[in-house]
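Here is the structure we will look at.
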Amino acid sequence: MSETAYAQAEGLLEGKPKTSRSKPKDLNFTRARVARLVRRSPEVMVKITGNAKGGGHLKSHLEYITRKGKLDAEDERGTLISGREDVAEVAQEWTQDSGKRKSNTRDSTNIVLSMPAMTDPEAVRAAAREFAKDTFAHNYQYLFVLHKDVDHPHVHLTIKNLGYDGTRLHVKKGQPQIWREAFAEKLRRQGIDAEATARAPRGVVRKSIRQAILALRRRGKRPEVDEAKVRAALKELTEGAKEGRGWEEKIKTRQTEVRRSWLVIAKELAKSPEPTDQALSTEVLNFVKTMPPLKTERHEIQEKLASQLRRGQTKSNQDPEQAR
């Protein structure tokens, strides 16, 4: 078994695409994680969806996630909150005991824990319960609700920002990824195949789309941000780029390093006398071959616009009788 290959993989999975010469911290864990990634285990989603400010806002949010009291919520003590009266009581309690506050004080942090369709909803609930307990119960009140009447099971977790010790919950940069990894581990304990890898090691360039934008699209409306992106892409396509896009070059450079690192890992695994390592080497190579193209959302929009323009030009150049 090649420690070099797994040390390199560990560095890559931790967001450092350059190969590592250090000994891996946990050989078996790193190997299992590489295998889950290249076999495309379902990726968990942990997303901060917003905050509630004030009693009215918090009550509206809790009514939304409990479907106006029709769904039971569970708090950090395992107590069920049932019905609109219980929901209103929680909102009142959390905002009355809110400490010193300003006009923009956030009373709660709202999180969604999600898995793809066909995942066992009760396993998602159990994993969310354990995740919330380990992550927040030491200092914060919270409640969570399982939604399983949609295409993918997910849990709405709402945390009271003011802790027992008087400090407020502050989500630091990088914290959601740490939470993703913790939630994935809880799901695996429930027997659910789950992983929580950052976009870069998976070769993903495009960022996820905000929930508000997705909601507008589902209602058949085009968000203003979509309109602006199309206008900008069309202008650049017809007039040419007028300024450099250094951030896109950085993305390409990083993704090129990621692909190169995976190929080095595959090469090192292939040297191992272990048949399992050699088989994993082949899986890594196939994973690299099927990585998404190095395109940003702007590139994809421009490709679609260019195709539409070509079709329009072809149609206008046709014989009038044929076009008719």
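The values are calculated or read from the model by the stated rules, or taken from the named source; none is laboratory data. Remember, it's a predicted structure, so these values are computed and weren't measured experimentally. When we count neighbours, we look across all protein chains shown, and the Cβ atoms used for this are built from the backbone with ideal geometry, even at glycine.
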Taking region 145-174 on its own, how many of its residues are in contact with a His (Cβ under 9 Å, 6 or more places away or on another chain) and among the aliphatic types (A, V, I, L, M)?
-> 3
Would you mind finding the one in GLY99, GLY83 that is at positive phi, modelled with pLDDT under 90 and either within 20 Å of the chain's Cα centre (by Cα) or surrounded by fewer than 21 Cβ atoms within 10 Å (Cβ to Cβ) (or both)?
-> GLY99
Qualifying positions in region 277-293 - surrounded by fewer than 18 Cβ atoms within 10 Å (Cβ to Cβ), within 30 Å of the chain's Cα centre (by Cα) and farther than 22 Å from ARG199 by Cβ = ALA279, THR282
Per the list (1) surrounded by fewer than 17 Cβ atoms within 10 Å (Cβ to Cβ); (2) closer than 25 Å to ALA88 by Cβ; (3) modelled with pLDDT under 95, residue check on VAL171 breaks on (2)
Could you figure out which of (1) touching a helix residue (DSSP H, G or I) at 6+ places or on another chain (Cβ under 9 Å); (2) closer than 29 Å to LYS173 by Cβ isn't true of ALA91?
-> (2)
Is it true that PRO153 is under 17 Å from the mean Cα position of the chain (by Cα) and not β-branched (Val, Ile, Thr)?
-> yes
The lone condition ALA266 fails out of (1) at pLDDT 65 or above; (2) within 23 Å of the chain's Cα centre (by Cα); (3) in a helix (DSSP H, G or I) is (2)
